[in-house]
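Undergrad: Handing you this structure, nothing more for now.
The values are calculated or read from the model by the stated rules, or taken from the named source; none is laboratory data. Just so you know, these numbers come straight off a predicted model, no measurement behind them. No Cβ is skipped: glycine too gets one built from the backbone with ideal geometry, and neighbour counts run over all protein chains shown. To get the accessible areas, we keep the full protein, side chains included, count just its heavy atoms, and leave off ligands, DNA and RNA. Shrake-Rupley method; radii C 1.70, N 1.55, O 1.52, S 1.80 Å.
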Amino acid sequence: MILMGPPGSGKGTQAAVLAWFQDLRHVSTGDMLRAAVASGSALGKRVEGIMAAGELVPDDVMMEIVKERLEELGEGWVLDGFPRTAEQVAGLVELLDGLGQEVGLVVDLQVPDEEIVRRLAGRVTCGDCGHTTSRDALDPDGGCPDCGGRTLHVRVDDAEETVRRRLDVYRATTGPVAEALGRRYPLRRVEGVGAPDAVAQRIASALEAADQA
Ligand code: AMP
């Protein structure tokens, strides 16, 4: 599966739910790049500034990372945050054709810009377990709802100005990617507004419909 949608549309949350219920491996290119930055690797040093500015990491770098991960995983994954450009779509199709793999469904989550800016302004990540959540969902003591951790970080690229830049990049570059994917694989547009459970239910219905098609 591939999950598409603007930053803050809930791709990460929904991909984690799908991974759990459908027994898929969650492949998040944003998480992979953030891990590289945190480790201080050569890749991390190369992409840190690009990510902090809300710009896209070059296609050749992204293709290399994704190729390595998908080759090692085999079948049964949900991609979150990739592909984001026409070049990445072409590279992914070639890679999957070479591996003899198909994409069962592309889900394109639909969320209006103002809702995204509101959501990202309240987003925090737990420094202990890595769980991303909204400030409203913290436990009564202000800890992580998953592990109780109290070291909560705001992603550097979640500053409002950077969010607006990421949305511009998304509209200009990544928006048309869903259409390109839809020409090759089954695509459904799913309303991403509402409680995470309700969105997960809509995605499950889309999957069922795609399975029956
Ligand atoms: P995300 O967590 O998916 O919002 O990704 C965070 C940041 O990582 C993006 O704003 C980009 O700078 C970079 N990134 C993640 N995936 C890609 C990709 N497929 N192509 C280019 N840059 C990416």
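Undergrad: Of the residues GLU64, GLU48, which single one is within 13 Å of the ligand (Cβ to nearest atom) and surrounded by 14 or more Cβ atoms within 10 Å (Cβ to Cβ)?
TA: GLU48
Undergrad: Would you check which residues across segment 19-45 are touching a strand residue (DSSP E or B) at 6+ places or on another chain (Cβ under 7 Å) and of a type in the set (A, V, I, L, M) and list them?
TA: Scanning segment 19-45 gives ALA19, LEU24, VAL27.
Undergrad: For LEU109, indicate whether it is open to solvent by less than 70 Å² (accessible area, probe 1.4 Å), within 13 Å of the ligand (Cβ to nearest atom) and modelled with pLDDT of 95 or more.
TA: yes
Undergrad: Here's another thing I want to ask about it. State all residues of segment 67-94 that are open to solvent by less than 30 Å² (accessible area, probe 1.4 Å) and near the ligand (Cβ under 8 Å from one of its atoms); if no residue qualifies, say none.
TA: ASP80, GLY81, PHE82, PRO83, THR85, GLN88
Here is a yes/no grid of residues against (1) more than 21 Å from VAL89 (Cα to Cα); (2) in contact with a strand residue (DSSP E or B) (Cβ under 7 Å, 6 or more places away or on another chain); (3) part of a helix (DSSP H, G or I):
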{"position": "THR173", "(1), (2), (3)": "no, no, yes"}
{"position": "ALA178", "(1), (2), (3)": "no, yes, yes"}
{"position": "ARG184", "(1), (2), (3)": "no, no, no"}
{"position": "GLN201", "(1), (2), (3)": "yes, no, yes"}
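Undergrad: Further, regarding this structure: Give the number of residues within segment 2-38 that are within 15 Å of the ligand (Cβ to nearest atom) and either out of contact with any Phe, Trp or Tyr (no Cβ under 7 Å at 6 or more places or on another chain) or of a type in the set (D, E, K, R) (or both).
TA: Number satisfying all stated conditions: 24.
Undergrad: Here's a follow-up. So ALA137 clears everything in (1) farther than 18 Å from PHE82 by Cα; (2) open to solvent by less than 20 Å² (accessible area, probe 1.4 Å); (3) of a type in the set (Gly, Ala, Ser) except one condition, right? Which one?
TA: Against the list (1) farther than 18 Å from PHE82 by Cα; (2) open to solvent by less than 20 Å² (accessible area, probe 1.4 Å); (3) of a type in the set (Gly, Ala, Ser), ALA137 comes up short only on (2).
Undergrad: Okay, next question. Check whether at least one residue in segment 180-197 is closer than 20 Å to LEU56 by Cβ and touching a helix residue (DSSP H, G or I) at 6+ places or on another chain (Cβ under 9 Å), and report yes or no.
TA: yes
Undergrad: Only one of ARG155, ARG135, ARG118 is within 11 Å of the ligand (Cβ to nearest atom) and at pLDDT below 90. Can you tell me which?
TA: ARG155
Undergrad: Scan segment 10-45 for residues that are open to solvent by 80 Å² or more (accessible area, probe 1.4 Å) and touching a helix residue (DSSP H, G or I) at 6+ places or on another chain (Cβ under 6 Å) and jot them down.
TA: Correct list: ARG25 only.
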